[in-house]
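Here's the structure, in structure tokens; my notes come after.
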Amino acid sequence: MTTHIQAKPGNSTSHEAHNARGVVFIHACPRAVSPHLEWALTSLFGTNVKLDWSEQPIAPGSVRSEILWQGPSGMGAKLTSALLAFKQVRYEVTEDASPKRAGERFSVTPSLGLFRADIGEHGDVMVAEERIRTALQQAAITGEGLAEEIARLIGEPWDEELESFRCAHEGSTVRVLHDVI
């Protein structure tokens, strides 16, 4: 089940109009950490946050949840920053595009850290020209192929790591095999 949260008016993070919305996908959170994560979200939103947690079969002992949120522009970045304190949690935060802002996607894993991308109106990762030029230079310096540099620019390593967590939920056709040799 998905939790719906709206930032409380008058909260220090919500002095602007609630013109932004998005989703937080908590793919894997250790069960013992989940109350602390809820407290962090309560502080950020200025309203009590109680998430509907379900088991995450890919990571035994972990739970998952989804949050539809509404708040001021830039709330996606604030959510991501608040959750960065939880180093063992895998999650994604999106903020939909608005007339004044591009959409954003943040992906975080314990092994890769943070990835951030601008998202176009059709859901594509948008890469600025200067980042492409830097990738070309980096490929020339390191000897790595340009394909690897572009893959990092569009978040491919994060997508590869998170994909099994995205699919492994109730109703999914993914089968989880533990201790397979």
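The values are calculated or read from the model by the stated rules, or taken from the named source; none is laboratory data. Keep in mind it's a predicted model, so treat the numbers as computed, not measured. Every residue, glycine as well, gets a Cβ built from its backbone with ideal geometry; the counts of neighbours run over all protein chains shown.
Working carefully through the options G71, G113, find the one that is surrounded by fewer than 15 Cβ atoms within 10 Å (Cβ to Cβ), closer than 23 Å to H27 by Cα, modelled with pLDDT of 90 or more and of a type outside the set (K, R). Talk me through it step by step, then tell me what you get.
Numbers: G71 fails: surrounded by fewer than 15 Cβ atoms within 10 Å (Cβ to Cβ).
Answer to the selection: G113.
If I filter the range 59-77 for residues that are within 19 Å of F115 (Cα to Cα) and touching a Cys at 6+ places or on another chain (Cβ under 6 Å), do I get at least one hit?
So far as the range 59-77 goes, no, none of its residues is within 19 Å of F115 (Cα to Cα) and touching a Cys at 6+ places or on another chain (Cβ under 6 Å).
Within the group K100, K78, which residue is surrounded by fewer than 19 Cβ atoms within 10 Å (Cβ to Cβ), in contact with a helix residue (DSSP H, G or I) (Cβ under 8 Å, 6 or more places away or on another chain) and not aromatic (F, W, Y)? It would help to see each step written out before you state the result.
On the way: K100 fails: in contact with a helix residue (DSSP H, G or I) (Cβ under 8 Å, 6 or more places away or on another chain).
Within the list K100, K78, the selection yields K78.
Out of curiosity, is S107 modelled with pLDDT under 95, surrounded by 15 or more Cβ atoms within 10 Å (Cβ to Cβ) and polar (S, T, N, Q)?
Values: modelled with pLDDT under 95: no; surrounded by 15 or more Cβ atoms within 10 Å (Cβ to Cβ): yes; polar (S, T, N, Q): yes.
Criteria not met by S107.
I need every pair where a residue in the range 10-35 that is modelled with pLDDT under 95 and surrounded by 16 or more Cβ atoms within 10 Å (Cβ to Cβ) has its Cβ under 6 Å from the Cβ of a residue that is assigned to a loop (DSSP other than H, G, I, E, B) and among the hydroxyl-bearing types (S, T, Y), sequence separation at least 6 or different chains.
Pairs found: A20/S73.
From the residues in the range 137-147 that are more than 27 Å from the chain's Cα centre (by Cα) and surrounded by 13 or more Cβ atoms within 10 Å (Cβ to Cβ), which one is modelled with the highest pLDDT?
Applying the first criterion (more than 27 Å from the chain's Cα centre (by Cα)) to the range 137-147 yields 137, 139-145.
Cutting the leftovers down to surrounded by 13 or more Cβ atoms within 10 Å (Cβ to Cβ) gives us 139, 144.
On the way: A139: 88, E144: 81.
Checking each candidate, the answer is A139.
I'm told S107 meets every condition in (1) without any contact (Cβ under 8 Å) to a residue 24 or more places away in the chain; (2) in contact with a Phe, Trp or Tyr (Cβ under 6 Å, 6 or more places away or on another chain) except one. Can you identify the failing condition by its number?
Only one criterion is unmet by S107, namely (1).
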